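Q: One structure, pasted below without further comment.
Please treat every number below as a calculation from the coordinates, not as lab data. Since we're looking at a predicted model, the values are computed, not measured. In this analysis, Cβ positions are derived from the backbone assuming ideal geometry, glycine residues included, and neighbour counts consider all displayed protein chains.
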């Protein structure tokens, strides 16, 4: 494939070539503002809020409310940057495609690695949370609870997290059969998620005690920042809005409006849930609390049916999110393989279902191993790290593309340029800095492994090398 040159690291994939791989005539601008908003809300709620408070409240105390605001502002700034790139590079891709067009091949590969980590680890964390709510539902229904040995990871007091592995296996089977999402099913699931969380807020506020909010900031601003970095995991799905850029009606208006509306809805729900939960029980009770929202309702009302309702809603919504996340990861592997950055085996499609079956098996095994053996707090922080790195690079890409290719047609432009994308990079950087050292170490190992793959294989097999 030729000799490696340092310039190869910076070779960019022309926007025209990216668009040629995704012929616009196959997609129709059929998504309106309501559908787009529901897409953003549906892809976000259900990932973190059901499990995030367990790790975030002990870090910040009642001030976790401010942590959700800080994370929401960061997500909003980044999502607007996604909107510009989505309207400029109109493909149903992700930040990997955007980075390839703006920052070069090596950065794109690292972003792809971050996305793979983000999707895999988030799916594992979601699966662990799903197992907790399943266990709580069994307790409410039949008075039996799975023993810790099969319900928790080794670092959390167990040996093997069987429910989490079972969820990943079920999603794998569905993906292999060629699951297709519809806007109707998505809308139903969104309404269900919102109804369940509103139900929690209403019931929890009946037991609200203002003294539970004092002291409000026991860990200071340091705790607020650390919790915001951790719960950024809860906003992982917001980029789904911008990736629909080529199918949105009137993207100049609809994209930013959909992003802002979905973020407002999500952040409002998150803050209401946090306020209600902290008001219903002392913040010191959150540490190590499994299926926390359901436990709060049962302790507050003394009735199992309230906990059962929340558990059922959490189980259904978390299942759907796990399916979507696993789907996304298999397609990222496929895209990177198509570009020559990963071996061709990742492009293999099942002749009958036309799904990347080998990718699905690989992704499922990797996610299942993480879910079975890694504690939840480690998974949550790693997810936030991968997400924040990818988001920061996308925001940087907006600045670079404006400078290098100012004449490209843009359906939407970030306001207050370059201040807004620069602020997005700064906010992401602040939250990355607040993540714990062990997360940095694990992430460094992942990136080092990605570099080995890139320099050992990708740089010489890239389609751009030709």
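Q: By how many degrees, 0 to 90 and rounded to 10, does the Cα axis of helix 292-301 deviate from the longest principal axis of the chain?
A: Relative to the chain, helix 292-301 is tipped by roughly 20 degrees.
Q: Where a ≥ b ≥ c are the square roots of the eigenvalues of the C-alpha gyration tensor, would you call the range 296-344 rounded, which needs a/c under 1.5, or, failing that, prolate if a/b is larger than b/c, or oblate? All intermediate terms of the calculation are to be shown ahead of the outcome.
A: Working: a/c = 8.81, a/b = 5.51, b/c = 1.60.
Taking the square roots of the gyration eigenvalues as a ≥ b ≥ c, the range 296-344 is prolate.
Q: Also, I was wondering about something else. Measure nothing fancy, just the Cα-based angle from helix 376-404's long axis to the longest principal axis of the chain, in degrees from 0 to 90, nearest 10.
A: Relative to the chain, helix 376-404 is tipped by roughly 40 degrees.
Q: Under the rule a/c < 1.5 gives rounded, and otherwise a/b versus b/c splits prolate from oblate, where does the range 327-367 land using the Cα gyration tensor?
A: Working: a/c = 1.75, a/b = 1.10, b/c = 1.59.
Verdict is oblate for the range 327-367.
Q: Would you kindly calculate the translational diffusion coefficient of the range 322-466, applying Stokes-Einstein with the Kirkwood radius from alpha carbon pairs, for 37 °C and a viscosity of 0.692 mPa s, and quote it in µm² s⁻¹ without decimals? Write out the running numbers ahead of the final one.
A: Values: Rh = 18.0 Å.
Roughly 183 µm²/s, to the nearest whole number.
Q: So, by mean Cβ neighbours within 10 angstrom, what's the order for 288-295, 435-442, 128-135 with the highest one leading? It would help to have the intermediate numbers written out before the result.
A: On the way: 288-295: 21.8, 435-442: 14.8, 128-135: 26.5.
Most protected by this proxy first, the peptides run 128-135, 288-295, 435-442.
Q: Of the listed peptides 63-71, 390-398, what is their order by residue-averaged count of other C-beta atoms within 10 Å, with the highest listed first? Display every interim value, and only then the final one.
A: Numbers: 63-71: 24.6, 390-398: 26.9.
Top of the packing list down: 390-398, 63-71.
Q: Which whole-number percent gives the relative contact order of the chain, counting Cα pairs below 8 Å spaced six or more residues apart?
A: Details: 804 pairs, mean separation 154.9, N = 466.
Computed value for the chain: 33 percent relative contact order.
Q: Helix 33-44 versus the longest principal axis of the chain: what is the Cα-based angle in degrees, 0 to 90, to the nearest 10?
A: The two axes meet at around 70 degrees.
Q: Place the peptides 165-177, 273-285 in order of packing, highest mean first, counting for every residue the other Cβ atoms within 10 Å and averaging per peptide. Intermediate results must be reported in sequence, preceding the final value.
A: Working: 165-177: 18.8, 273-285: 20.3.
My ranking of the peptides, most packed first, is 273-285, 165-177.
Q: Along each of its three principal axes, how wide is the spread of alpha-carbon positions in the chain, in whole angstrom units, largest first?
A: The principal-axis extents, from largest down, are 68, 46, 43 Å.
Q: If contacts are Cα pairs under 8 angstrom and at least 6 residues apart, what is the relative contact order of the range 260-386 in percent? List each step's numbers first, then the result.
A: Values: 62 pairs, mean separation 15.0, N = 127.
This gives 12 percent for the range 260-386.
Q: Write down the Å³ per residue value for the convex hull defined by the alpha carbon atoms of the range 36-81.
A: Dividing the Cα hull volume of the range 36-81 by its residues yields 79 Å³.
Q: Within 10 Å of each residue's Cβ, count the other Cβ atoms and sort 339, 407, 250 from fewest upward.
A: Working: 339 23, 407 5, 250 12.
So the residues, fewest neighbours to most, are 407, 250, 339.
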